[in-house]
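*Asks:* Let me begin by handing over the structure; questions about it come next.
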Amino acid sequence: MSERKVINKYYPPDFDPSKIIKKRKKVKTGSASLPTVRFMTPYSLRCDNCGEYTSKARKFNARKENTEETYLGLKTVKLHIKCPRCASEIIFQTDPKSADYVLIFGAKKLYDSGNTNQKLQDETLEETLSRLEKEEQEEAKLKEGKTGNKTTTVEELEAKLNALRREQEMNEELDEIQQKNVRLQEKSQTIVKSQKEQQLAKQKMQEEEDEKIAQDAFSSKRQTELMNIYKSSDDESNDDSSDESDYDQPINNLIKRPTSKVVLKRKVNTLGVSTKRRK
């Protein structure tokens, strides 16, 4: 038999490798030529073509497409997926400004989380810088407690002190309430334990009394049974003794014979003397 896996192949003497026609690979075009990326839907959506609902965090093999658009030096990316029912194309685009994804084509969001389905308008660098500076200033003012006045007034200090005192009082009251609850719980537990112990003691007493009653009843019944057994054994022994006395007598004595009467007859001998004969 021939081998299943052949290492050496047969080449005929007239073999010419130049005559072999090489098959060219098909060049992929469009979204098929893009690299694949594992992608999860950021929100639930509905297909525009077939109306299929896809839930949030469903996984797809998406095609990644780099775009020329940027936001603060960050490139935006398009992601192409297909509807699981009708295989129509759905396109997402990253939005680094709102840290979210925007639906461009093929489907609609089922809810609006503040970011519309349409693309947000891009800002210029000057606008973004001014907006960021304003946000930083506001955060710094909030941290330092500066809402417009550079110095805090005495009234604000008094209000803060009063608030702190109220918080302390509230904390003390809460501690007292918690301690009371703990005490009540301990008391209730001790009461429950004592009740359980009493019930167990009562049950033990009842069980002991029942055992005593059962033992007394059993002993009295046993005595009566033994007395009956002894009486029956005595009667049987008397009967056996009478029977044995009968059996000890000979059989001939037990049989009653008819009484025979003696009759005397006289006979005369040759000599002329009469004799009596018993029957």
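A short reminder: the numbers here are calculations on the coordinates, not readings from a lab. As the structure is a computational prediction, the values presented were derived from the model and not from experiment.
*Asks:* Provide the per-residue ³J(HN,Hα) series for region 179-193, in order, calculated from phi with Karplus coefficients 6.51, -1.76, 1.60 and θ = phi - 60°, each as a whole number of Hz, with x at glycine and proline positions.
*Replies:* For region 179-193, the Karplus-derived couplings read 5, 4, 4, 4, 5, 4, 5, 5, 4, 4, 5, 5, 4, 5, 5 Hz, x marking Gly and Pro.
*Asks:* If a/c stays under 1.5 just call it rounded; otherwise compare a/b with b/c (prolate if a/b is bigger, oblate if not). Do that for region 30-119, with a ≥ b ≥ c from the square roots of the Cα gyration tensor eigenvalues.
*Replies:* oblate
*Asks:* When a/c reaches 1.5 or more, the comparison of a/b and b/c decides; with that in mind, is region 157-229 rounded, prolate or oblate per its Cα gyration tensor? Before the final figure, lay out each step's value.
*Replies:* On the way: a/c = 19.20, a/b = 15.32, b/c = 1.25.
Note, shape of region 157-229 comes out prolate.
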